[in-house]
Amino acid sequence: MIERDDMTFPFEEYRGRIDALRARMKERLLDAVIITDPENIMYLTDYQTTGYSFFQALVVPLDGEPFMITRHLEESNVHARTWVEKTRPYEDNGDAIQRLVGSLKEFGLGKAAIGYERNSYFFPAYHQDRLRTAFTGGRLLDCFGIVEEGRIQKSCAEIDVMRKAARATEAGMQAGIEACEAGVTENEIGAAISSAMFRAGGEPPAVMPYVTSGPRTMIGHATWEGRTVQPGEHVFLEVGGCYRRYHTAMMRTVVLGGLSPAMERAQNRMLEALQKVESAIRPGLTVSDADNIVRNIISNTDDEGSLITRSGYSIGIAFPPSWDEGYIVSLMQGVSTTLKEGMTFHLLPWVWGVEGDKTVGISDTIYVTEDGCKSFFSMDREFTVKPDQGAALKDTNIDTIDAARRRAAPKGTAKSGD
């Protein structure tokens with residue numbers, strides 16, 4: 001291991017993660033593990049690249065130096081970012097699995113018990129089949145989750161990095177809220193959010209912001225598609241800020257005009273759910289109990305929307321296509337996992353189908369403390385209600401609409417004709 005001082009975390013943090021992984025390997029009688037999940041590789045080494053669609057693997061033996069298999073181009077990221085000394089790259093027209101098997105034999109692991117992440121997005125079935133065909137001297141065993149056991153509880157250093165991601169989240173959300181008004185397109189709102197996130201120190205997130213307005217808020221995981229926000233509508237925003245691949249996320253809702261009774265009740269249910277679940281969260285509480293607190297409040301109505309998803313999920317390191325760690329643990333019914341200090345969650349008591357055609361959201365990202373939990377954010381949670389400009393816009397001309405759009409643009413954005 002190369003001891004260096006220019007990684008995301010102090011070198012000792014990475015040494016501790018490898019030592020903890022090896023302890024779990026020893027418990028499972030594994031001589032080595034092949035780690036292919038991009039988040040897990042980064043957690044252990046600080047390695048990252050956008051080229052993770054090409055096969056890449058970190059091999060960690062119980063004894064001896066870890067080594068990496070990467071596309072030749074990506075090898076530069078190993079040397080520039082990580083403590084890993086040994087690499088065995090393959091060419092674009094080469095055979096990544098043969099290089100992996102050959103390297104296992106080279107480093108004395110040809111007859112070893114090897115764990116691999118069978119459920120990794122980026123270790124597809126055809127690669128696994130080829131590995132089983134080519135690696136005949138030893139045993140291959142599924143070790144999926146062995147790294148996540150360490151990732152689920154964040155260290156103090158990780159919490160500090162997530163605070164930086166939270167600053168980007170809040171900056172983006174505030175800009176998005178300010179950009180919302182009738183006559184502005186969803187694209188322009190998305191541009192304002194993105195610009196503010198990056199100007200606040202944020203880095204490219206695993207998912208760009210979700211921006212939908214009016215009836216489009218009922219489309220799951222939709223985002224901007226050029227639609228113009230109409231007078232009297234609402235805008236749903238979900239922003240995930242990123243710093244060094246760590247994420248925090250929040251939902252907020254903007255209403256143009258006054259709150260209807262149903263919308264106000266939906267807001268109050270979400271605020272109550274967040275307050276009560278955050279008051280209850282502490283080490284020892286099960287994720288199912290936490291989910292029930294949220295679900296019972298949000299679903300306590302027959303005709304004003306419901307919670308149709310899990311009520312929260314673990315969040316931290318992420319690469320596209322998703323910013324959540326929900327596959328590690330989610331707040332949902334029937335799960336007996338208990339909360340522990342250092343766990344981090346995006347809590348989302350959002351309401352689907354208010355008045356039949358509106359989805360609204362207020363959410364929070366928290367971390368579990370010794371005796372409770374704390375939020376990463378300080379922004380107001382209530383809906384942002386703006387005066388309805390519909391009457392003015394209906395009788396105005398295109399120049400006035402263009403002026404509204406320019407006001408929504410972040411400072412420094414070039415305007416037509418400048």
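No lab work stands behind these numbers, since they all come straight from the coordinates. Remember, it's a predicted structure, so these values are computed and weren't measured experimentally. Backbone-built Cβ (ideal geometry, glycine too); neighbour counts: all protein chains shown.
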Taking N as the residue count of the range 232-355, its alpha carbon Rg divided by 2.2 N^0.38 Å gives 1.10
Among [x] 55, 49, 47; [y] 104, 51, 43; [z] 77, 54, 38, the entry derived from the coordinates for Cα extents along the principal axes in Å: [z]
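Dividing the alpha-carbon radius of gyration of the range 283-333 by 2.2 N^0.38 Å (N being the number of residues), what value is obtained?
Working: Rg = 12.9 Å, N = 51, 2.2 N^0.38 = 9.8 Å.
Against the compact-globule rule of thumb, the ratio is 1.32.
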Could you count how many Lys pairs in the chain have their Cα atoms under 18 Å apart, skipping same-chain pairs fewer than 8 positions apart? 10
Chymotrypsin sites (Phe, Trp or Tyr not before Pro) within the range 192-259: DSSP coil, no more than 15 neighbouring Cβ in 10 Å: none
Can you run the Rg to Rh ratio on the range 55-101? Use alpha carbon positions and the Kirkwood inverse-distance Rh. 0.96
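Compute, for the range 19-89, the length of the dipole vector about the Cα centre, with Cβ point charges of +1 (Lys, Arg) and -1 (Asp, Glu) only. Units Debye, rounded to 20.
Details: 8 positive and 11 negative charges, 20 e Å.
Roughly 100 debye, rounded to the nearest 20.
For the range 300-373, which chymotrypsin sites (Phe, Trp or Tyr not before Pro) are in a loop by DSSP, counting at most 16 other Cβ atoms within 10 Å? Don't skip to the answer; put the middle values down first.
Working: sites: Tyr313, Trp323, Tyr327, Phe345, Trp350, Trp352, Tyr367; in loops: Trp323, Tyr327, Trp350.
The qualifying sites are Tyr327.
What GluC sites (Glu not before Pro) in the range 48-87 are in a loop by DSSP, with at most 16 other Cβ atoms within 10 Å of the Cβ?
Glu85
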Phi-based couplings in Hz for the range 305-321 (Karplus 6.51, -1.76, 1.60; Gly and Pro marked x): x, 8, 9, 9, 10, 4, 9, x, 7, 4, 9, x, 5, 7, 10, x, x
Can you tell me the dipole magnitude for the range 239-375 around its Cα centre, using point charges on the Cβ only (Lys, Arg +1; Asp, Glu -1), in Debye to the nearest 20? 380
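Need one number: the % of Cα-Cα pairs in the range 1-150 sitting beyond the 27 Å mark. Write down the numbers at each step before the final one.
On the way: 1462 of 11175 pairs.
More than 27 Å apart: 13 percent of the Cα pairs in the range 1-150.
As a test of the formula, what do you get for the chain when each DSSP H run with n ≥ 4 contributes -39,500 (n - 2.57) and the sum is divided by the residue count, at 222 nm and rounded to the nearest 500 deg cm²/dmol?
Calculated mean residue ellipticity at 222 nm is -10500 deg cm²/dmol.
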